[in-house]
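Each reported figure results from applying straightforward, stated rules to the coordinates on display, with no laboratory input. On a predicted model such as this, the values are computed, not experimentally measured, just so you know. All Cβ positions, glycine included, derive from the backbone under ideal geometry; neighbour counts span all protein chains shown.
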Amino acid sequence: MPISNDVLTRNNVKVIGTGSKTLMLAHGFGCDQNMWRFITPVLEKKFKIVLFDYVGSGSSDLSQYDKERYSGLEGYAKDIIEIGEALQLSGAIFIGHSVSSIIGTLASIEVPTLFSKMIMICPSPCFLNFPPDYLGGFEKQDLLELLNLMDKNYIGWANYLAPLVMGDNNPSELTGELSSSFCSTDPVVAKGFAKATFLSDYRHILKDIKQPTLIFQSKNDSLASPEIGRFINENITGSELEVVEADGHCLHMTHPEQITNSIFEYLNK
């Protein structure tokens, strides 16, 4: 597919804010660009912000979904690269939530000039356990059963996963919103993205990140434990780790003020 404004329509790209520096915000699995609304009002005062939906998520063009292309995270990284090319981005700052941290990493390795800095919110390079050296949080059989539940009871799957992702002690309306977001995603697309997310292992690419990187880690996260944050920090040269006293996997939604303050501090160094 040629790079053109078609890409901007395909991925429902929106550019807001003003500033000499550009931030690209990449949503996580089962989400869309609307999940960034808690931090964009502050960020757009000083930065130009690129928002988008991966193909199959949010208000993207579902007709552009290609099962083969999106069977791995590399296909989603192509979305990021093509958006960057369409907008002629260079030296932008990438902010990715959860699996998007890895998708952005793939894009940054493929096109090193695209991003000058990386910011990761609750990232994980691998959700699988490989004891004793690495505990990603889940046994493969458990994840296969979770994927199987998507086929049997999609609504039940969404209602099970949303509280796990959002975490305890956070507003119930946020959990409800996440569950609704899961439910609004086409089940075929959601399962493909889920398999690419939860059954993959990208630990080996961390060493290839050349950009300075800030890692946000939640102290209590059912999907990515503090140990995973430390693992990523240890494997990315020139990275910083900030552990937030919080529950859940969506710090940009539950603790937006702290996240935006830390982003400003990091980017002003």
Packing-based exposure ordering (other Cβ within 10 Å, fewest first) of VAL188, VAL13 = VAL188, VAL13
Peptide ranges 157-163, 95-101 listed from the most packed, as the mean C-beta count within 10 angstrom indicates = 95-101, 157-163
message = Is the C-alpha gyration tensor of segment 121-171 telling us rounded, prolate or oblate? Criteria: a/c under 1.5 is rounded; beyond that, a/b larger than b/c is prolate, otherwise oblate.
response = oblate
task = Search the structure for amide H atoms under 5 Å from the amide H of SER57, placed 1.01 Å from N in the peptide plane, and list their residues when 5 or more places away or on another chain.
result = none
key: Loop-exposed GluC sites (Glu not before Pro) per DSSP, neighbour cap 14 Cβ within 10 angstrom, longest uninterrupted part of the chain   = 140-269
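Name the shape class, rounded, prolate or oblate, that the alpha-carbon gyration tensor gives for segment 230-269, where a ≥ b ≥ c are the square roots of its eigenvalues, rounded holds for a/c under 1.5, and otherwise prolate holds if a/b is larger than b/c and oblate otherwise.
Numbers: a/c = 2.96, a/b = 1.25, b/c = 2.38.
Note, shape of segment 230-269 comes out oblate.
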inquiry  = Assuming 0.36 nm per residue, please report the length gained on full extension of the stretch LEU149 to GLU257 beyond their Cα-Cα distance.
reply    = 35.3 nm
inquiry  = Test of the criteria: in segment 9-111, which trypsin sites (Lys or Arg not before Pro) are in a DSSP loop and have at most 10 other Cβ atoms within 10 angstrom of their Cβ?
reply    = LYS45
note = If amide H atoms are modeled at 1.01 Å from N in the peptide plane, then the residues at a separation of 5 or more from ILE119, or on another chain, having amide H under 5 Å from its own are PHE94, ILE95, GLY96, LEU214
ask   = Rounded to the nearest 500, what is the chain's calculated 222 nm mean residue ellipticity when only DSSP H runs of at least 4 contribute -39500 (n - 2.57) each, over all residues?
value = -12500 deg cm²/dmol
task = Evaluate the charge dipole of the chain about its Cα centre and quote only its size in Debye, nearest 20, assuming +1 on the Cβ of each Lys and Arg and -1 on the Cβ of each Asp and Glu.
result = 620
ask   = Among all the lysines, which ones have a C-alpha under 23 Å from LYS14's C-alpha, if same-chain residues fewer than 8 places away are not counted?
value = LYS45, LYS46, LYS48, LYS78, LYS117
query = Along its principal axes, what span do the Cα atoms of segment 5-267 show, with the longest given first and each in whole Å?
reply = 48, 40, 35
task = Using only alpha carbon pairs under 8 Å that are at least six residues apart, calculate the relative contact order of the chain and give it in whole percent.
result = 20
